[in-house]
Amino acid sequence: MSIDKHILDAMVQGQNVDPDYWQQLLKVPNADQLWFDAIDRRRQIDRFTRLVCASPSIAGLLQSARRRMKDLTTATGQIFATMQTDHLSYSLSDPADSPRKFEVSWNVARIEELPSGTRLSFKAEKLQSWHFQSLNDEGWLRPEDTWEIVAEEGPVLLTFFDQDLSTLLLKEALQTDYNRAVLTIIPAS
């Protein structure tokens, strides 16, 4: 009896699964990593579901980007995102709420729920251009640009490329063989 991803997902959700799966999970040497990976997968599924409800068009773009990424080779490196809230919120908050960082790997799509007013900056060795697509606007940005999350703008799709593709439409850029990373942001309510 092996523990497939769908079984782990059912376990994470607290569904009724065969108790033998729990015993098997506890015997696996990397059980903690399997468990945390299953939790992360469930969070991504839940976030994608919220994205589809909030903005089917942005969800469709994300799916287009994901389909093309499956054909690309695995690239080394990541894009490091640093989150900073506005200065007043930061000064009134707990020091544990200091700038938070997360990573988006090349040729991977990630969905994050982040509070409105959060400013994101990005750093990567290979980052050459990035594109934003919101419900009402889109455009290319420079690697040094930042992004501020505004609840009223709704979800946004940020697509990063390791080549300067700013002369192309996003649809054309997604058809290239260049590495990309996709970060979809849903403003937290």
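Listing for the model above:
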{"quantity": "Accessible surface of the chain [probe 1.4 Å, protein heavy atoms]: carbon and sulfur percent", "calculated": "51"}
{"quantity": "Two-site label geometry, Leu34 and Gln163: point separation in nm, points 7 Å out along Cα→Cβ", "calculated": "4.1"}
{"quantity": "C-alpha long axis of helix 31-54 to longest principal axis of the chain, angle in °", "calculated": "50"}
{"quantity": "Rounded Å value of the spacing that divides the Cα centres of the range 1-68 and the range 126-176", "calculated": "28"}
{"quantity": "Cα-Cα pairs of the chain separated by more than 20 Å (percent)", "calculated": "61"}
{"quantity": "Straight-distance crosslink candidates among lysines, where the alpha carbon sits under 19 Å from Lys27 and sequence neighbours closer than 8 are dropped", "calculated": "Lys5"}
{"quantity": "1.4 Å probe accessible area per residue over the range 134-181, in Å²", "calculated": "55"}
{"quantity": "Residues in the range 45-67 reached by a label modelled at Gln15 [backbone nitrogen below 19 Å; 7 Å Cα→Cβ]", "calculated": "45-50"}
{"quantity": "Rounded tilt (10° steps) of 56-69 against the dominant C-alpha axis of the chain", "calculated": "80"}
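The values are calculated or read from the model by the stated rules, or taken from the named source; none is laboratory data. All values derive from a computational prediction rather than experimental measurement. In this analysis, Cβ positions are derived from the backbone assuming ideal geometry, glycine residues included, and neighbour counts consider all displayed protein chains. Calculation scope for accessible area: heavy atoms of the full protein, side chains included, ligands and nucleic acids excluded. Shrake-Rupley method; radii C 1.70, N 1.55, O 1.52, S 1.80 Å.
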